Amino acid sequence: MSVIVPVYNEVAHVDELLQAIHASPVKKEIIIVDDGSTDGTREKLQAMPPAHSNDVTVVFHEKNCGKGAAIRTALRYARGEYILIQDSDLEYDPQDYPALLRPLECHQANVVYGVRPDRPERGLRFFLGAKLLTHLTNLLYGAGIHDEATCYKVFRRSLLAQVSLECQRFEFCPEVTAKLCRMGEKIAEVPIAYTPRSAGEGKKIRHADGWLAIWTLLRHRFTRRAGWARSMGASSAPFAVTFSRVPPE
């Protein structure tokens, strides 16, 4: 599995995050895209001991481009059969990886979403906003899912390679959901653990991202599918990068 980790200004948490990912009981590679951090995260990743990085690719964006941009950059270096998106803010527990992979390994689905507990513990505004996006997704696409905005999304790489992504910020979630639903894919779901973080603790999503998510769901429901299909290698990711370390072949 390829674990994609977009990182932006997480110097206080990046070590703990990587330890948690390494401790998850699945075979994996880790692809970190530092999205223009200015708080020392980049320097910490550059100083990562080689012994801890044999399965880690680190890519630096020259400037902050957004979560979606970081994912698009990371996809170019993914080699695993499956792709998992991992936020860097410690809200999600990598011990859930085996449960997320199970429907894929059993050939029950090509895409799996992790469903957070149905409680407003993340803050009422975030909770209601996620509910709205989920209901809108089900209304527009008949998806029948329970958590559209969850970070934990796992894809068969061969499926994701068929999707041309345009996202730059947090609209990755509605874009990939909309396009996979339009392609006829059934999204499997499994319950996951969730420890929410407040804006004061560094949570980066904002109200404007909610409006962009709504627009993204509406736009992709009523636009033509022509041009969506594109190989991953040709996927547009025009974000200037520099490399720190790529694992040996």
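Quick look at the values:
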read-out	value
Total lysine pairs whose alpha carbons fall under 23 Å of each other in the chain (8 or more apart, or interchain)	24
Accessible surface of the chain [probe 1.4 Å, protein heavy atoms]: carbon and sulfur percent	55 percent
Length-normalised contact order of segment 1-118 in % [C-alpha pairs under 8 Å, at least 6 apart]	37 percent
Most positive-pole-ward Cα, Thr41, Val5, Ala78, against dipole of segment 1-80 from beta carbon charges	Ala78
Estimated dipole of the chain in Debye, rounded to 20 [Cβ of Lys and Arg +1, of Asp and Glu -1, Cα centre]	980 debye
Computed lengthening from Thr195 to Phe243, 0.36 nm per intervening residue step minus Cα-Cα distance	14.1 nm
Estimated inter-spin distance, Asp15 and Phe222, nm [label 7 Å along Cα→Cβ]	5.2 nm
Per-pair calculated FRET efficiency, R0 = 41 Å: Trp211 and Tyr77 via Cβ, rounded to 0.05	0.85
Acute angle (nearest 10 degrees) that the helix 207-222 long axis makes with the longest principal axis of the chain, alpha-carbon atoms	60 degrees
In degrees, nearest ten, helix 124-141 long axis to first principal axis of the chain (Cα)	60 degrees
Ellipsoid equivalent to the chain - semi-axes via the Cα gyration tensor, in Å	26, 20, 19
Value of relative contact order over the chain, rounded to a whole percent, pairs C-alpha under 8 Å and six or more apart	26 percent
Accessible area per residue in Å² at 1.4 Å probe, computed on segment 105-157	48 Å²
Pairs of alpha carbons in segment 25-119 whose separation is greater than 18 Å (percent)	56 percent
Residue (of Asn110, Cys181, Tyr92) at the positive-pole extreme of segment 91-190, dipole from beta-carbon charges	Cys181
Among Phe126, Leu159, Ala143 the positive-end extreme of the charge dipole of segment 103-159 (Cβ point charges)	Phe126
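The values are calculated or read from the model by the stated rules, or taken from the named source; none is laboratory data. Bear in mind the structure is a predicted one, so any value in this text is a computation, not a measurement. Cβ: placed from backbone, ideal geometry, glycine included. Neighbour counts: every protein chain shown. Areas reflect the complete protein model, heavy atoms only, side chains present, ligands, DNA and RNA absent. Shrake-Rupley method; radii C 1.70, N 1.55, O 1.52, S 1.80 Å.
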